[in-house]
Ligand SMILES: [Zn+2]
């Protein structure tokens, strides 16, 4: 039996029996964990308010050798996501972040960079970053940290460098950025301004005051690359798209 105390982001909860829940959470040193929170569906639960998606909490849990499910003893809120969840656009984004992290972070492997990304994106939202900026930043970086974001510097087909100036072409079937003569079919054009925005996203912290142009193009690249690797769209993405009438 191992006893752990850790900072964690809550990624999701699932009902279990009448009064309990399974809680999925992200830790720095042990990646993604699943734990049973006993009594957390009860009216006087000690977990009250601490289990919302992307709320950061100090958790205490017990782990038994060879068991996948841990036992979650307590969760004390460090920073509640509630102030952001009140706002529809940004609230949906919290679900999207949580679902992406559940998808891309491994079980029980150290996940410090993912933890820092979650913290950084939340800091940005709390500092007033608009939903589309925080979404583009997060979507690019979760792929980058997973080693899946295509390099904008070299062609995904022939490997030779791409022109350093001018628009980019993104070929979803690779997926990657390609020379015009190397693409195999339809390719998405990424304008010069969107390319510059992507460069900034990949090289600088999220600036909540920034309103860079071309975010939709950058988000589309990230979404298509993600869909290519997963073979499907994230559930939260479908909800977001429906709301925007896409
Ligand atoms: Zn090429």
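Within the stretch 158-167, the set of residues being on the phi < 0 side of the Ramachandran plot and either free of Cβ contacts under 8 Å to residues at least 24 places away in the same chain or more than 14 Å from the ligand (Cβ to nearest atom) (or both) comprises 160, 161, 162, 163, 164, 165, 167.
From 149, 170, which residue is under 23 Å from the mean Cα position of the chain (by Cα), crowded, with 21+ Cβ neighbours inside 10 Å, within 16 Å of the ligand (Cβ to nearest atom) and under 13 Å from residue 220 (Cα atoms)?
Values: 149 fails: within 16 Å of the ligand (Cβ to nearest atom).
None of the other options fit; the residue is 170.
Residue-by-condition table, conditions (1) over 22 Å from the mean Cα position of the chain (by Cα); (2) surrounded by fewer than 19 Cβ atoms within 10 Å (Cβ to Cβ):
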{"position": "153", "(1), (2)": "yes, yes"}
{"position": "157", "(1), (2)": "yes, yes"}
{"position": "211", "(1), (2)": "no, yes"}
{"position": "218", "(1), (2)": "no, no"}
{"position": "229", "(1), (2)": "no, yes"}
{"position": "236", "(1), (2)": "no, yes"}
{"position": "239", "(1), (2)": "no, yes"}
{"position": "242", "(1), (2)": "no, yes"}
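Taken over the stretch 10-47, residues that are in contact with a helix residue (DSSP H, G or I) (Cβ under 9 Å, 6 or more places away or on another chain) and closer than 14 Å to residue 108 by Cα amount to 7.
Within 16 Å of the ligand (Cβ to nearest atom), in contact with a helix residue (DSSP H, G or I) (Cβ under 9 Å, 6 or more places away or on another chain) and either closer than 23 Å to residue 113 by Cβ or modelled with pLDDT under 95 (or both) - does that describe any residue in the stretch 181-192? Checked the stretch 181-192: at least one residue is within 16 Å of the ligand (Cβ to nearest atom), in contact with a helix residue (DSSP H, G or I) (Cβ under 9 Å, 6 or more places away or on another chain) and either closer than 23 Å to residue 113 by Cβ or modelled with pLDDT under 95 (or both).
For the stretch 113-157, a tally of residues being touching a residue at least 24 places away in the same chain (Cβ under 8 Å) and at positive phi returns 1.
The values are calculated or read from the model by the stated rules, or taken from the named source; none is laboratory data. Since the model is a prediction, treat every value here as computed from it, not as a measurement. Every residue, glycine among them, receives a Cβ derived from its backbone with ideal geometry; neighbour counts consider all protein chains shown.
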